[in-house]
Amino acid sequence: SRAEACTVVIFGATGDLTHRKLVPALYNLGVDGELPHGVKIVGFARRDKSDAEFREGLEALNKEVSRSGHDPELWSEYQESIQYHQSEFNDIDGYKRLAERLDAIDRERGGAGNRLFYIASAPEFFDVILENLKSVGLSSAAKGCWSRVIVEKPFGTDLATAEHLNKVVNNTFAEKDTYRIDHYLGKETAQNIMVLRFANAIFEPLWNNKYIEQVQITCAEHLGMEGGRGGYYDKAGALRDMVQNHLLQLLSLVAMEPPTDLSADGVRDEKVKVLRSLRQLDTPKAIRENVVRAQYTSGHIQDKSVVGYREEDRVDPESMTEAYVALRMHVDTWRWSGVPFYVRVGKRLPKKATEISIHFKSPPNVLFNAIPGAAAGGNVLVIRIQPDEGISLRMVSKLPGTSLRMEPVKMDFHYSTSFGKGSPEAYERLLLDAMAGDATLFARRDEVEEAWRFIDHIEKAWHESSEAPEMAEFSAGSWGPKAADELLEQDGNSWRRL
Ligand code: BG6
């Protein structure tokens, strides 16, 4: 499938996402010659701004974040394709003017055109934007053209709001034209999970409860609530912000069965089965036993002292929102029966690192049990999602020398050295896929709802149950609360050291 020229309309165009991710992504696609000729960008937002002011702000950020650097000449050409459209989100007149503007752009390009609506506003405007697009007729495409929508996160705040949003979206756009973004799926290393599993003969035969003892997924960030993020985050928390979407998506990719083909539905059919097979943590007891929530207290990150979560800008000083969560999960399928999936995610951990580790069972303990180092243990396959993207396999080896001693060694593949060039940013791949009509790397309606079903029980127990578990604490810059270590110790396991 090939990306086709279109006009990209970004709602919430004055926001951070547009400046840091979307516009630089389109710029870099252009630099790499991947962007179809004739793509135009219209930024829709409430603030009063001229095209020139809008472009200036975008350029300043592009200079800062662009993957391939910033070439003033290329930029000045690229910015010609960018316009600013001022309107309130609930002003129908603004959408009528938008329709006229898009028609004018199409005429200039010659004929009717494709439109890609990117909803990146604050979530309370998602509904009204969709409804207004529909009432001015922008959600239906001209003959021979397409009209698609990308919906940013958060996709609802619980199952009921996600179902409602799905209704509004699908009342406006067909499901095949709906692209629910989860930028983790656009990461090179996440896409490689299926390739690793299904294009190599040596892993898949072992990829089950016979040979795998446990799976760990860690998503650590050193950042806290910089840049006013606390306002949003304190209402969401780690479970909604990261687990409902990114972490459950990664888990689905690790646990899914081989799909019948690589079509969007082929792949998503298998992923949603994993989500449906999650053992629901639906009693206060199950949640107390399997989920740890925590906030950070003040501490040090890379020698800088930082405040605790409750002291952060725009966070309630009595907040009961988790900035860290660890879970023991089970995928109740034939393949995974009895294998724990440990998932942890948090802010203000020592560093930024996302990785998946597959811990294989030890071989029968009959041959080397008396040999020094034999206890060092089993094989671990580590998929480094970011940074230092790559895959490593830990093995046990004989230590060179005249006596038999054993030590773990590592086979290590790094994207940077194997392939030389950097990977495109997640948003680049995803924007291109949406322009090509390929929804494989976007979440389908049922995936989003199944993920919320799992999350809802936990949120409810935390915030409504009288038997809610405590909020644990850890100092900023440490690897999370003691309770999270104990969660694994109960099973005789421990978190992999990153
Ligand atoms: C976002 C979350 O979806 O992902 C943020 O809202 C988080 O809280 C971010 O920081 C992490 O993304 P990445 O690509 O930097 O790992």
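The values are calculated or read from the model by the stated rules, or taken from the named source; none is laboratory data. This is a predicted model, so every value here is computed, not measured. In this analysis, Cβ positions are derived from the backbone assuming ideal geometry, glycine residues included, and neighbour counts consider all displayed protein chains. These accessible areas exclude ligands, DNA and RNA; they are computed on the full protein's heavy atoms, side chains included. Shrake-Rupley method; radii C 1.70, N 1.55, O 1.52, S 1.80 Å.
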Between a first residue in the range 342-356 that is under 21 Å from residue 212 (Cβ atoms) and a second residue that is near the ligand (Cβ under 10 Å from one of its atoms), which pairs have beta carbons less than 7 Å apart while being 6 or more apart in sequence or on different chains? 354/219; 354/385; 354/386; 355/385; 356/385
Any chance residue 305 is free of Cβ contacts under 8 Å to residues at least 12 places away in the same chain and either open to solvent by less than 10 Å² (accessible area, probe 1.4 Å) or under 21 Å from residue 223 (Cβ atoms) (or both): yes
Let me spell it out: the conditions are (1) closer than 30 Å to residue 92 by Cα; (2) open to solvent by 60 Å² or more (accessible area, probe 1.4 Å), and residue 77 meets all of them except one. Which number is the exception? (1)
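So that you can scan it fast, the table gives a plain yes or no per residue for (1) within 16 Å of the ligand (Cβ to nearest atom); (2) open to solvent by 40 Å² or more (accessible area, probe 1.4 Å); (3) not hydroxyl-bearing (Ser, Thr, Tyr):
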residue: 339; (1), (2), (3): no, no, yes
residue: 351; (1), (2), (3): yes, yes, yes
residue: 364; (1), (2), (3): no, yes, yes
residue: 387; (1), (2), (3): yes, yes, yes
residue: 413; (1), (2), (3): no, yes, yes
residue: 420; (1), (2), (3): no, yes, yes
Somewhere in the range 73-80, is a residue of a type in the set (Phe, Trp, Tyr) and either in contact (Cβ under 8 Å) with a residue 60 or more places away in the chain or touching a strand residue (DSSP E or B) at 6+ places or on another chain (Cβ under 6 Å) (or both)? no
Taking only the range 218-276 into account, find how many residues are in a loop (DSSP other than H, G, I, E, B), within 12 Å of the ligand (Cβ to nearest atom) and open to solvent by less than 10 Å² (accessible area, probe 1.4 Å). 3
Any idea how many residues of the range 295-323 are over 12 Å from residue 233 (Cβ atoms) and of a type outside the set (A, V, I, L, M)? 14
In the set 440, 402, which member is of a type in the set (S, T, N, Q) and open to solvent by less than 50 Å² (accessible area, probe 1.4 Å)? 440
Suppose we keep only residues that are more than 20 Å from residue 60 (Cα to Cα) and in contact with a helix residue (DSSP H, G or I) (Cβ under 6 Å, 6 or more places away or on another chain) within the range 21-49. Which one would you say is most open to solvent (accessible area, probe 1.4 Å)? 35
Considering every residue within the range 181-201, establish whether at least one is more than 16 Å from the ligand (Cβ to nearest atom), among the β-branched types (Val, Ile, Thr) and assigned to a loop (DSSP other than H, G, I, E, B). no
If I ask for residues that are over 29 Å from the mean Cα position of the chain (by Cα) and part of a strand (DSSP E or B), which ones from the range 350-402 would you list? 395, 396, 397, 398
Which pairs have Cβ atoms under 8 Å, sit 6 or more apart or on different chains, and link a residue in the range 173-194 that is within 24 Å of residue 139 (Cβ to Cβ) and of a type in the set (Val, Ile, Thr) to one that is part of a helix (DSSP H, G or I) and at pLDDT 95 or above? 178/169; 178/170; 178/445; 181/430
Which of the residues belonging to the range 160-180 are in a helix (DSSP H, G or I) and within 16 Å of the ligand (Cβ to nearest atom)? 162
Considering only the range 104-128, state which residues are under 24 Å from residue 171 (Cβ atoms) and assigned to a helix (DSSP H, G or I). 123, 124, 125, 126, 127, 128
Of the conditions (1) open to solvent by 30 Å² or more (accessible area, probe 1.4 Å); (2) out of contact with any strand residue (DSSP E or B) (no Cβ under 8 Å at 6 or more places or on another chain), the single one that residue 168 does not satisfy is (1)
Would you check if there is a residue in the range 60-75 being in a strand (DSSP E or B) and at pLDDT 95 or above? no
Which residues, taken from the range 5-20, are surrounded by fewer than 18 Cβ atoms within 10 Å (Cβ to Cβ) and in contact with a helix residue (DSSP H, G or I) (Cβ under 6 Å, 6 or more places away or on another chain)? 20
What's the number of the condition residue 429 fails, among (1) farther than 23 Å from residue 266 by Cβ; (2) within 16 Å of the ligand (Cβ to nearest atom); (3) open to solvent by 60 Å² or more (accessible area, probe 1.4 Å)? (1)
For the range 139-157, which residues satisfy the criterion of being within 16 Å of the ligand (Cβ to nearest atom) and either among the aromatic types (Phe, Trp, Tyr) or not in a loop (DSSP other than H, G, I, E, B) (or both)? 150, 151, 155
